[in-house]
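What follows is a set of notes on a single structure, which appears directly below.
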Amino acid sequence: MSVLLEVHGMSCAHCVASITSAVSPLPGVTAVDVALEAGTVRVDGTPDVAVVSAAIEDAGYDVTTP
């Protein structure tokens with residue numbers, strides 16, 4: 001299973017690293033793919049979407065589901 005989220009406010013490789021490090025250790029996450037130009041984050045595994053969204057928002061980004 002994978003979850004696709006729209007993430008606003010990403011602009012550089014640091015943003016990619018911040019989101020990846022915030023989401024990767026969460027329970028149920030097996031992979032994180034940040035598409036900087038598309039403004040999306042795909043999370044593979046069986047994560048709790050609310051927990052993933054909260055982690056991304058805590059890192060300083062705005063999250064919506066496409």
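Bear in mind that the values in this text are calculations on the coordinates, not laboratory data. These figures come from a predicted structure and were not determined experimentally.
Springs between Cα atoms under 10 Å define the GNM used for the chain, and in it the highest mean-square fluctuation of Val41, Val51, Val32 occurs at Val51. Using every pair of distinct Cα positions in the chain, the Kirkwood expression returns a hydrodynamic radius of 11.3 angstrom.
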